[in-house]
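The values are calculated or read from the model by the stated rules, or taken from the named source; none is laboratory data. Everything numeric in this text was worked out from a predicted model, so none of it was measured. Cβ: placed from backbone, ideal geometry, glycine included. Neighbour counts: every protein chain shown.
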Amino acid sequence: MAKDSLPELELANVRTREHITDTVTEIRRRADLPARTRLAVAKTRQRWHRDPTPLVALAVTGAAGFAAIVVGIRIRNHPGARLDALREPAPVPVFKPVKVGKDGKAKGVPVFSRKDDKHNPVLQERQDRDKRWAKVQKQAKKSRKQAAKRSKLAVKARG
């Protein structure tokens, strides 16, 4: 360093200042978020005018994903989507023939009616559960009435 001449030192000093100025400018550019956003929007607009296919594909994919989520939620919330509904037996269709009148002609139209399967264990379990639940509800109603009656009597005794 002692051997460096004054013009060489000034030249090195100028280069260092330019390098520092470039670094500060780059830091400002990266830190300026609104300008970077405007640049990104401008690039997207240019890309849209040049070839809109990728952006359309992106929008369609997003819309399909959103629709899939909405449909999934609708299916999940529908009563038929419950696993319990899969266990419930479908009623068996039974043909009901038409009654024949005294004159030998058919009265009405043959129809299909629905008849529950008597030997289906799932159906029997559900019917038993419903009976037990009805009994519990009846007992709860009776105990509520008794509690209300006792509270009325307690109010009368105080008053």
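For beta carbons closer than 8 Å, sequence separation of 6+ or different chains, a first residue in the range 27-48 that is assigned to a helix (DSSP H, G or I) and a second that is surrounded by 11 or more Cβ atoms within 10 Å (Cβ to Cβ) and of a type in the set (A, V, I, L, M, F, W, C), the qualifying pairs are Arg29/Ala35; Thr44/Leu55; Arg47/Leu55; Trp48/Leu55. Would you check if there is a residue in the range 77-85 being surrounded by 10 or more Cβ atoms within 10 Å (Cβ to Cβ) and at pLDDT 90 or above? Among the residues of the range 77-85, not one is surrounded by 10 or more Cβ atoms within 10 Å (Cβ to Cβ) and at pLDDT 90 or above, which makes the answer no.
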